Amino acid sequence: MAYNILSGNVSLPGETLVEMSGNFSGAYVGDFDGDGFGLTNVTYVSAYNGGQYRIPFFGIQRNGDWSLTGSRHFEFDVATRELNVNGTINANQFNIDVINKNVINLDVSGSTKFGDTPDDTHQYTGSVLINGPLVINGGSVVMNRTVVSAPLFNAASSSHFIAVQTTTIGGASTINLPAASTLRDGQSFVIKDEEGSANSNNINIVANGSDRIDGQVSVVIESPFGAINLYTNGSDKFFIY
């Protein structure tokens, strides 16, 4: 097998055309300058150095730094480690391994899939807005449960099930609701006597400021194992249901 060894710099100015037929195998050292416009029928290009195959480096130089680029619409900036694509990326399969990123934007038309096993956990910070049916196939919706073991508890917007330990508290307790205006329209709370002594250790549920609960400033759970379900209009009212 014959090898063609090239060294130094090879430059292709203007419209110079290089044609090759058959197989080309060889080693090259130096810089190869040219935009590669019109290059066709190239199956692959590999770079071998020090016992490793490496991705060939195609790029442009800006302010002394080289950037990987396929064209002016596709550029990797080695200084910022950002890949900029001016256009659309189309792929039959797109795998993303994201570590310690605060924001991920997904904007697609069609179906999406997250995870590959039932024990995967996907965490979202903020609200999830679903325009359409929510279908649970073989799973369940798990809401936050907060245990209350002190006589005073200020409910938060993240609260849902508020589990009051009436026997542990050993006296009356107060649950202060958040301002309805800080909640989403339709958001709900479930307040429950989990230890069965609300008859002697009442649970007082108090609205915030001028908010009202079915027209009242407060309501009381006074039956053993009693519970109250509330939802809000997201403005100034809570309703028992």
Estimated dipole of segment 145-240 in Debye, rounded to 20 [Cβ of Lys and Arg +1, of Asp and Glu -1, Cα centre] | 160 debye
Would you pull out the residues with amide H under 5 Å of residue 179's amide H, same chain only if 5 or more places away, H placed 1.01 Å from N?
-> none
Sequence ranges 218-231, 126-139, ranked by mean other-Cβ count within 10 angstrom, highest first = 218-231, 126-139
Going by average Cβ neighbours within 10 Å, how do the peptides 188-196, 140-148 rank, with the highest at the top?
-> 188-196, 140-148
Under Karplus coefficients 6.51, -1.76 and 1.60, residue-wise ³J(HN,Hα) of segment 115-122 in Hz, glycine/proline x = x, 9, 9, x, 8, 5, 10, 10
Counting sequence-distant residues (5 or more places) and residues on other chains, those with an amide H built under 5 Å from that of residue 174 are 152, 153, 204
Once phi is turned into ³J(HN,Hα) by the Karplus curve 6.51 cos²θ - 1.76 cosθ + 1.60 with θ = phi - 60°, what whole-Hz value does each residue of segment 230-237 show in order, with x for glycine and proline?
-> 10, 9, 10, 8, x, 10, 8, 9
Rank these for me by crowding, 119, 236, 214, going from fewest to most other beta carbons within 10 Å.
-> 119, 214, 236
In whole Hz, the Karplus estimates of ³J(HN,Hα) for segment 128-134 (6.51, -1.76, 1.60; θ = phi - 60°; x where Gly or Pro) are 10, 9, 10, 9, x, x, 9
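Computed from the coordinates by the stated procedures, all read-outs in this text should not be read as laboratory data. The model shown is predicted, which means the values in this text are computed figures rather than measured ones. For neighbour counting, all protein chains shown are included, and Cβ atoms are generated from backbone atoms with ideal geometry for every residue, glycine included.
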